[in-house]
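Okay, structure first, notes after.
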Amino acid sequence: MSSPRLPQPDRPWMMRTYAGHSTAKASNELYRSNLAKGQTGLSVAFDLPTQTGYDPDDELARGEVGKVGVPVSHIGDMRTLMDGIPLGTMNTSMTINAVASWMLSLYIVAAEEQGAEQAQLSGTTQNDIIKEFLARGTYAFPPGPSMRLIADMIAYTVEHVPKWNPINICSYHLQEAGATPVQEIAYAMSNAIAVLDAAAEKVDASVMPKVFSRISFFVNAGVRFIEEHAKLRAMSVLWEELGRTRYGITDEKALRFRYGVQVNSLGLTEAQPENNVQRIVLEALAVTLGRNARARALQLPAWNEALGLPRAWDQQWALRIQQILAYETDLLEYPDIFEGSKVMEGLVDELLDGARKEMAVVAEHGGAVQAVDYMKSALVESHRERIARIESGEQIVVGINKYQETEPSPLTAAGDGGIMTVDHAVEQQAIDAIRIWRSERDQARADAALAEVARVAKSDENIMPASIEAARAGVTTGEWARTLREAFGEFRAPTGVGEAAATGVQSDAVNEVRAEVERVSEALGRRIKILVGKPGLDGHSNGAEQIAVRARDVGMDVVYEGIRLTPSQIAQSALQEGVHVIGLSILSGSHRELIPAVIDTLRERGVDVPVVVGGIIPEADVRPLEDAGVAGVYTPKDFDISVIMRDIVRLVAEANGVSAAAGLPPHAGGAVEAAQHA
């Protein structure tokens with residue numbers, strides 16, 4: 001009888017920790033520490049100004065520098081970030097999209113300074129702009145030029161940096177934005193088709209097998225881990241099918257579905273945050289249990305990411321989860337344990353059928369680039385349905401809508417609230433540092449390099465050589481991106497709010513709020529109007545979109561202009577639209593700076609209406625926001641949007657001298673981003 005075990009256990013997947021904060025120097029120290037603890041690859045988190053192509057001293061960077069990642073503004077920062085880390089042998093993943101070609105240019109130059117050749121470099125740039133338009137919001141340029149930059153980078157790396165993955169088709173954020181497994185598969189594969197078609201215009205047909213083999217995926221794994229594993233097997237089937245039938249790939253190795261994972265952050269909760277640990281473990285099983293669909297690389301969120309920025313100890317805990325799975329359990333010792341499973345085969349077939357049908361719809365819209373509006377509205381609608389299931393109790397989230405009774409958590413009992421906070425002085429230090437950098441560089445060389453970037457941007461030439469020279473010349477991230485914005489133009493992605501189905505959620509709670517909106521609107525003499533705004537560079541708009549959709553569904557007039565607004569723009573819109581209440585959403589940690597700035601600007605413009613705020617807001621920050629004039633603060637624990645809506649209507653009534661409805665509880669305080677925290 002043959003052994004059910006493998007002759008030798010498989011090697012573990014690559015273990016990463018998504019990390020970066022404050023400064024390049026502080027992040028370098030964190031990377032070195034994590035590598036010393038057994039991490040086997042780097043995963044760089046960049047701050048929002050870097051991700052969207054702004055320098056620290058830009059108006060839009062206010063409050064965002066170093067908050068959700070590391071600021072990298074020029075080759076000096078990249079040099080510091082990678083100091084002492086051998087880039088010739090390290091595998092580095094960079095979560096960077098709109099400015100991916102620029103960050104890779106900086107990385108190449110930093111490696112050169114270490115003596116490493118481009119051909120030695122291995123790693124991945126996320127570089128998936130379509131999902132930025134759909135779910136994450138860190139785009140910088142319009143769709144057409146953005147796809148051109150991706151194609152340029154693919155063509156360049158296949159020839160010059162052959163071990164690099166120039167794009168990682170990222171379905172992770174689609175699930176965070178509400179995608180069902182079918183939508184996640186279909187939109188990711190449709191996205192891949194758009195990318196490969198664009199690359200095919202840049203390279204000879206003989207090179208396409210190499211291009212196909214360097215495309216990787218970055219997927220999400222939720223807590224329904226059996227279905228999530230089936231999703232990954234289905235994606236593997238579709239990827240091979242796509243390679244053979246559309247691109248004529250026959251090399252078995254090139255046809256492999258290569259993917260990395262960050263497990264789900266959408267399901268992490270602020271309430272009873274200790275529950276997040278078991279969620280993370282179960283989600284990790286989805287991508288490690290089955291050998292034929294096992295992840296190539298894995299990074300796990302920390303237990304406290306619904307609360308704020310994880311500390312080094314929290315990240316160590318997440319890394320240890322991976323190491324225990326790999327080295328203490330026996331999951332690497334067996335062939336594929338799902339092979340021959342009727343349940344798994346049935347699930348895979350079900351997902352494949354649904355995904356193929358949805359891919360056909362995207363194709364009917366002209367492909368992924370042209371179908372951005374359609375996909376965005378579909379995601380907003382799916383997310384609304386998910387929230388409605390949680391509100392009704394149909395979908396149980398332990399500690400949120402069931403089993404809410406709890407002991408105080410010792411994990412959050414310390415004075416720091418269980419999270420790390422970035423020193424407010426970091427931003428001014430970064431501003432001072434970049435001004436010194438500009439004053440000390442060879443300005444003539446920098447100007448010439450930028451002129452070459454501008455020339456190439458308007459041509460059909462590959463952008464990479466000019467970008468690499470600009471990196472060597474000391475050009476900054478903001479200067480490079482501004483040059484391309486001038487060449488390509490500006491762009492605002494669709495919000496999906498207007499296109500989402502207007503039927504709305506039907507429940508007693510919603511109908512009660514709808515009746516109250518009618519009563520207060522009649523007393524006001526016009527319909528209640530709410531402005532939902534996202535100040536700063538935080539592009540995670542899922543929660544703001546759900547608030548806007550629900551406000552519309554309960555009968556309010558809604559003004560929602562999408563992401564990336566300055567305090568001045570929000571105040572001007574509030575004045576012009578004559579709104580009764582303003583809801584601000586921030587998840588990047590910049591609320592302490594940006595919310596007071598918005599309120600001050602509103603006062604300067606003579607706008608006196610209630611302002612409510614939602615996001616990942618630590619308890620210690622609630623009182624300062626209230627002192628600044630905020631009327632209500634909502635965090636991920638406030639999952640019931642009907643309660644938030646009722647609160648908002650009450651605030652409008654109180655501000656306008658309208659009596660409260662009989663039988664309703666008093667204003668609870670609490671807050672506007674329960675719908676989405678990640």
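The values are calculated or read from the model by the stated rules, or taken from the named source; none is laboratory data. Only a predicted model underlies this, so the values are computations on that prediction, with no experimental measurement involved. Reconstructed Cβ throughout: ideal geometry from the backbone, glycine too, with neighbour counts over all protein chains shown. When the accessible area is computed, the model is the full protein with side chains, heavy atoms only, and any ligands, DNA or RNA have been set aside. Shrake-Rupley method; radii C 1.70, N 1.55, O 1.52, S 1.80 Å.
Brief remarks follow.
- Computed with a 1.4 Å probe over protein heavy atoms only, the accessible area of ARG592 comes to about 100 Å².
- DSSP-assigned coil residues among GluC sites (Glu not before Pro) in region 155-221, each with at most 16 further Cβ atoms within 10 Å: GLU201
- Solvent-accessible surface ranking, highest first, for GLU112, GLU479 at 1.4 angstrom: GLU112, GLU479
- Remark: region 398-549 carries a charge dipole of roughly 480 debye about the Cα centre, counting +1 on each Lys and Arg Cβ and -1 on each Asp and Glu Cβ.
- Taking the charge dipole of the chain about its Cα centre, with +1 at Lys and Arg Cβ atoms and -1 at Asp and Glu Cβ atoms, the residue from LEU6, PHE257, GLY63 reaching farthest to the positive side is LEU6.
- Qualifying lysines (Cα of each under 20 Å from Cα of LYS253; at least 8 residues distant if same chain): LYS163, LYS210
- Amide H partners (placed H, <5 Å) of TYR18, local residues excluded: LEU300
- With a threshold of 29 Å on the Cα-Cα distance, the over-threshold entries among LYS131/LYS458; LYS37/LYS637; LYS37/LYS67 are LYS37/LYS637.
- Total charge dipole magnitude, region 550-593, about the Cα centre, Cβ charges on Lys, Arg, Asp, Glu only, Debye to nearest 20: 140
- Spin-label model distance (nm) - GLU405 vs GLU385, 7 Å beyond Cα toward Cβ: 3.5
- Shown in residue order for region 66-83 are the 3J(HN,Hα) couplings computed by the Karplus curve 6.51 cos²θ - 1.76 cosθ + 1.60 at θ = phi - 60°: x, 7, 10, x, 8, x, 10, 9, 5, 4, x, 5, 5, 4, 5, 4, 9, 4 Hz (x for Gly and Pro).
- Heavy-atom accessible area for ILE108, with the other protein chains in place and a 1.4 Å probe, reaches approximately 0 Å².
- The chain - mean residue ellipticity at 222 nm from DSSP helices (-39,500 (n - 2.57) per run, n ≥ 4, rounded to 500): -15000 deg cm²/dmol
- Counting only protein heavy atoms and a probe of 1.4 Å, the accessible surface of region 1-110 is 52% carbon and sulfur.
- Under 15 Å from LYS25, Cα to Cα: aspartates and glutamates that are on another chain or at least 8 residues apart: ASP47, ASP77, ASP83, ASP423, GLU427
- Local electrostatic count, LYS163, Cβ distance below 15 Å [Lys/Arg +1, Asp/Glu -1]: +3
- By definition, a body whose alpha carbon gyration tensor gives a ≥ b ≥ c is oblate when a/c is 1.5 or more and a/b is not larger than b/c, and region 59-161 fits this oblate description.
- Sum of side-chain charges, VAL195 neighbourhood, beta-carbon under 15 Å (Lys, Arg +1; Asp, Glu -1): +2
- Relative contact order %, region 446-543, counting alpha carbon pairs below 8 Å whose residues are six or more apart: 20
- From the coordinates shown, volume of the Cα convex hull per residue in Å³ corresponds to which of (i) 263; (ii) 160; (iii) 147: (ii)
- Solvent-accessible area of ARG32 with every protein chain in place, 1.4 Å probe, in Å² to the nearest 10: 110
- Structural descriptor for the chain: relative contact order 16 percent, calculated from alpha carbon pairs under 8 angstrom and at least 6 residues apart.
- For region 552-563, the Karplus equation 6.51 cos²θ - 1.76 cosθ + 1.60, evaluated at θ = phi - 60°, returns couplings of 5, 5, 8, x, 7, 7, 10, 10, 9, 10, x, 9 Hz by residue, with Gly and Pro reported as x.
- Amide proton proximity set for MET94, modelled H, under 5 Å, gap of 5+: VAL44, THR124, THR125, GLN126
- Estimated D of region 443-555 in µm² per second, where Rh is the Kirkwood radius over Cα pairs and Stokes-Einstein applies at 20 °C, 1.002 mPa s: 117
- 3J(HN,Hα) couplings calculated from phi for region 130-146 with the Karplus curve 6.51 cos²θ - 1.76 cosθ + 1.60 (θ = phi - 60°) are, in sequence order, 4, 5, 5, 5, 8, 9, 10, x, 9, 7, 10, 10, x, x, x, x, 4 Hz; Gly and Pro show x.
- Solvent-accessible surface of the chain, averaged per residue with a 1.4 angstrom probe and all protein chains in place: 37 square angstrom.
- Accessible surface of region 416-506, 1.4 Å probe, proportion on carbon and sulfur as whole %: 52
- In region 426-582, taking the dipole from charged Cβ atoms about the Cα centre, the farthest positive-side position among VAL520, LEU531, LEU484 is held by LEU484.
- Evaluated with a Cβ-only charge set (Lys, Arg +1; Asp, Glu -1), region 79-237 carries a dipole of roughly 280 debye about its Cα centre, given to the nearest 20.
- Percent accessible area from carbon and sulfur atoms, region 513-670, protein chains only, probe 1.4 Å: 47
- For region 282-382, the relative contact order works out to 22 percent when only alpha carbon pairs closer than 8 Å and six or more residues apart are counted.
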